[in-house]
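Structure, as structure tokens:
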Amino acid sequence: MPWFARWPCSAAPRNPGDTPAFAMTPTPFPTASSPLPRRHALAALLAATLGAPLSAPWARARVDEPAAYGRRDDVLALAAEIARRHALEPAWVEAALAQARHQPTVVQLMQPPVAGTAKNWAAYRARFIEPLRIRAGVAFWREHADWLAMAQSRFGVPPSIVVGIVGVESIYGREVGRWRVLDTLATLALDFPKTERRDRSAFFADELGRFLALCRRDGTDPTGPLGSFAGAMGWPQFMPSAIEQYAVDFDGDDRIDLHTSPADVIGSVAHYLAAFDWQPGVATHHAVAAPVEVADRAALLGPDILPSFTAAEFAARGARLDAAGQRHGGLLALVELQNGDAAPSYVAGTENFYAITRYNRSSYYAMAVIELGAAVLAVVEATA
Ligand SMILES: [Ca+2]
């Protein structure tokens, strides 16, 4: 999916100093990623994610005025660091990075949004909750219903959420990105458009190292794999770190394939959410009328999307939850979705709303995932 919505996300780090989550990309907002604990060391990783199944898009790699990085001093220094960190042969890493090409368009895409750009949930929603994507989602659901059910059984994540994520990320594999991952990650590691408050070059340097390590292990030519302008790959648009930690071989063919195995895609997305504490059976959000008093509203909006208040605390601040929300046993977040010059929309996000934002740190993203999944489910149920 094209990166059209470039306003900053309204997501809050779980902890101060947290860097962003990662499966990013064609996802609407530039999210960074965090050095999260490695819960799973997976074998045979990119067997297909970076391997043969990517062959189709190979020849169509997008290139804008390419200029190979070659053997610049900073390139050599980065190569040495990556080789050391991942126990790779320095000469192999240097040779790989020497082939990386600076992509000016990628740098432009990473520029921060223009100050004052109004967020608009209604416009954002319309890009994702639309007939083409819903139809594709219905077809995906029907074709892979068994894997979706198995993922729910194994990880507790309902089909509608998995279907929503894969739809928003890549329209079920139709838009997986056409940039050489080597180029985009090298460009963002070496030439990130830095500002005083924003420099994610270290994040991309880390992803570049993980990408090269995966290529080396699987015998993949680093110039082969394609992805988004931010380096995310496959139907679920996983960054290299996410592939390392959360991708799973769900169909049991001994390789992980996020490009041609819908089963692996479904299992990997569900596993990702489960790893971020998805609570089976808990709603993603509840309807709420925000407090009328400005101070009360500001207090509830303070922690942003991090669930921080009980239903009773919502009530005490004058927020009116629906009946199910009033019975919610966990914590809630008052999520504000701006609508340009019109009045904002509000929902009470649960722990599961927050879990979706670990995929992409944006409440707008999470809401689009939820609503797309719900729209697809409605059609699936109505036409069963
Ligand atoms: Ca597999």
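The values are calculated or read from the model by the stated rules, or taken from the named source; none is laboratory data. Source: prediction; values computed, not measured. Cβ placement follows ideal geometry from the backbone for every residue including glycine, while neighbour counts extend to all protein chains displayed.
Every residue, every condition in (1) in contact with a helix residue (DSSP H, G or I) (Cβ under 7 Å, 6 or more places away or on another chain); (2) in the same structural domain as residue 165 (by TED's automatic domain parsing); (3) crowded, with 24+ Cβ neighbours inside 10 Å; (4) at positive phi, yes or no:
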| site | (1), (2), (3), (4) |
| --- | --- |
| 346 | no, no, no, no |
| 353 | yes, no, yes, no |
| 360 | no, no, yes, no |
| 366 | yes, no, yes, no |
| 371 | yes, no, no, no |
| 376 | yes, no, yes, no |
Need the failing condition index for residue 266 against (1) within 16 Å of the ligand (Cβ to nearest atom); (2) surrounded by 16 or more Cβ atoms within 10 Å (Cβ to Cβ); (3) in a loop (DSSP other than H, G, I, E, B), just the number. (3)
Can you pull out every residue in segment 236-249 that is surrounded by 24 or more Cβ atoms within 10 Å (Cβ to Cβ) and either at pLDDT below 95 or within 10 Å of the ligand (Cβ to nearest atom) (or both)? 247
What are the pairs with Cβ atoms under 7 angstrom where one residue, in segment 316-333, is assigned to a loop (DSSP other than H, G, I, E, B) and the other, located anywhere, is of a type in the set (Phe, Trp, Tyr) and modelled with pLDDT of 95 or more? Sequence gap at least six, or different chains. 331/309
Can you say whether residue 311 is over 24 Å from the mean Cα position of the chain (by Cα) and without any contact (Cβ under 8 Å) to a residue 12 or more places away in the chain, as far as the supplied structure shows? no
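Could you tell me which residue of segment 350-374 is farthest from the chain's Cα centre (by Cα), considering only residues that are under 19 Å from residue 120 (Cβ atoms) and outside any helix (DSSP H, G or I)?
First pass over segment 350-374, keeping only residues under 19 Å from residue 120 (Cβ atoms): 357, 360-372.
Pick out the ones that are also outside any helix (DSSP H, G or I) and you get 360-362.
Numbers: 360: 4, 361: 8, 362: 10 Å.
Checking each candidate, the answer is 362.
From the list 190, 214, which one is more than 16 Å from the ligand (Cβ to nearest atom) and under 19 Å from residue 78 (Cα atoms)?
Numbers: 214 fails: more than 16 Å from the ligand (Cβ to nearest atom).
One residue alone meets the criteria, 190.
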